Amino acid sequence: MTHTIQPSNPEATPAPDTTDVPATAAGAAPGASLTGAVNRAAAAIPAALKRRVPKYSDLAPLMQFKKPEFSRAAKLQRASTIWELRDMAKRRTPQAPFDYTDGAAEAEITLRRAREAFLDIEFRPGILRNVSSIDLGTDILGKPSRLPVGIAPTGFTRMMQSEGEYAGSQAAEAAGIPYTLSTMGTASIEDVAEAAPNGRNWFQLYLWTDRDRSLELIERAAKAGNDTLMVTVDTAVAGARLRDVRNGMTIPPALTIKTVLDASYRPAWWFNFLTHEPLTFASLSRYTGTVADLINSMFDPTLTFEDLDWLRETWKGKLVVKGIQTVEDARKVVDHGADGVVLSNHGGRQLDRAPIPFHLLPGVKEAFTKDHSDAAIILDTGIMSGADIIAALAQGADFTLIGRAYLYGLMAGGRAGVDRALQILEKDMTRTMALLGVSKLSELTPDHVRILGR
Ligand SMILES: Cc1cc2nc3c(=O)[nH]c(=O)nc-3n(C[C@H](O)[C@H](O)[C@H](O)COP(=O)(O)O)c2cc1C
């Protein structure tokens, strides 16, 4: 059928444009010509463009005044990016724990570059694909996950907000994604298992100088139903986290003149902190001191691949090695029996100017394909949006982890804040996939992403 287009209001059909024609040449008397032209132009204004006094019936549907909502839940719902949750987190959390979370090592170059790596891409969408339903589900380390992202291990989490590990593990359980408890977590392995009994709980291990204590932890993790052990290998010594040094950050936060002043405008955090169980650790008895001292006293700079072999023999579940920063090391840990690697520089908190995990992806993917290895490639560091996750998957990651992105949610609003962070990421991923013309994660390829030069 052919469509013909008619003027909708014949009366409004524009008069012939005579503005370029000299008035005398158009046959009008000199002097009267300008007024005539103006009148003709006025007659040509469509009725819809003529001004009139507004009627109440026009205004009524536009008036949607609502009672302003100041509840935490409403504020969380208004946040539509992880960056906005970060702003809320910063307002609510004292400077020392906020900086402990937000900060990175030395000049924080690694973290900045990791985030820039995600910004320096261009998506290459396909058009006219049926994207009416988007499936973000995937399998990771032998089991399904509803989203291609899990929660990374983070230490001292109840110091950031008193719900800490309970909020993280329960939000992950509700979202159908894995949760990783850190060796430095502030809830025990058993308490997390009890809080999120239907969740997929993983345990992150720092290998200890004391092998018997490592063994004890591994046994507890297995007994509590953790199916995956994630051993972190990038912390031979503590990174220089200068914000912590400047803030005099201690575990637990000490009451000094500075912190008491800080407390005066963040009373809710202090109230929560002081009215809940004191901080205890997943694996340590109570500790008082600086983070760097704690790491340095706990970790073993003499660890080698032989220790990884010992771990492989000891742990019967899935074993992944976190903190892989070169293609050669990715291959090597898989040769030593790892089921997966986490390409990570610890969120930029250890070595500054470290390799950026996103840039490592193509090399690791190629090496694993060449070796016919089905080891999982997991990526973290720098993820602040669902689009970052989709870009990582397109470049070859099987799965991703988030650290700060969920911690900002936690500091902004406890469990509800973590839920909100996960909702934001899920929405971002769904939208990005649809706009890319992709309905399943398996359809993502490196061709969907072009890396721009800086
Ligand atoms: C506050 C904080 C504490 C962390 N604690 C640990 C930890 O105890 N064990 C570990 O393996 N990684 C730890 N990490 C690193 C994370 O597991 C993850 O690698 C990192 O946060 C990823 O970067 P992102 O924060 O940009 O997502 C920590 C990260 C943060 C931000």
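We did not get these values from a lab; they are worked out from the coordinates using the rules stated. Predicted model, so just to flag it, every value in this text is computed and none were measured. As a convention, Cβ positions derive from the backbone with ideal geometry for all residues, glycine included, and neighbour counts pool all protein chains shown.
Tell me, what is the percent relative contact order of the range 72-451, built from C-alpha pairs under 8 Å that lie six or more residues apart?
On the way: 752 pairs, mean separation 110.4, N = 380.
It rounds to 29 percent for the range 72-451.
Going by Cα centres, the range 44-70 and the range 319-362 are how many Å apart?
For the range 44-70 versus the range 319-362, the Cα centre distance is 58 Å.
I need the peptides 315-323, 416-424 ranked by packing, meaning the mean over residues of other C-beta atoms within 10 angstrom, with the highest value on top.
Values: 315-323: 21.2, 416-424: 24.2.
Answer by packing, highest mean first, reads 416-424, 315-323.
So what are the ³J(HN,Hα) numbers for the range 129-144, from phi and the Karplus equation (6.51, -1.76, 1.60; θ = phi - 60°), rounded to whole Hz, Gly and Pro as x?
10, 7, 10, 5, 9, 10, 10, 9, x, 7, 9, 9, 6, x, 9, x
For I45 and T314, compute 0.36 nm times the residue count separating them, minus their Cα-Cα distance, and round to one decimal in nm.
Values: separation 269, 0.36 × 269 = 96.84 nm, distance 8.41 nm.
Answer, rounded to one decimal: 88.4 nm.
Just to be sure I understand: of the beta bridges DSSP finds with both ends in the range 72-451, what percent are antiparallel, rounded to 5? Spell out each step's value before the answer.
On the way: 8 of 36 bridges.
Given both bridge residues lie in the range 72-451, the antiparallel proportion sits at roughly 20 percent.
Order of 155-163, 55-63, 425-433, 139-147 by packing, highest average Cβ count within 10 Å first? Before the final figure, lay out each step's value.
Numbers: 155-163: 23.7, 55-63: 7.8, 425-433: 20.2, 139-147: 16.4.
Top to bottom by mean Cβ count within 10 Å: 155-163, 425-433, 139-147, 55-63.
Arrange the following residues from fewest to most other Cβ atoms within 10 Å of their Cβ: T235, T186, T381.
Neighbour counts put them in this order, fewest first: T235, T186, T381.
Using all alpha carbons of the chain, what is the percent of pairwise distances in each 10 Å bin, ordered from the shortest bin to the longest?
Binned Cα distances yield the sequence 4, 18, 26, 20, 10, 6, 6, 5, 3, 1, 0.
At a Cα cut-off below 15 Å, give the aspartates and glutamates reachable from K143, other chains included and same-chain residues fewer than 8 away excluded.
E173, D227, D339, D374, D398
Of I383, Y206, F305, which is farthest along the charge dipole of the range 72-451 in the positive direction, counting Lys and Arg as +1 and Asp and Glu as -1 at C-beta?
Working it through, the farthest residue towards the positive pole turns out to be I383.
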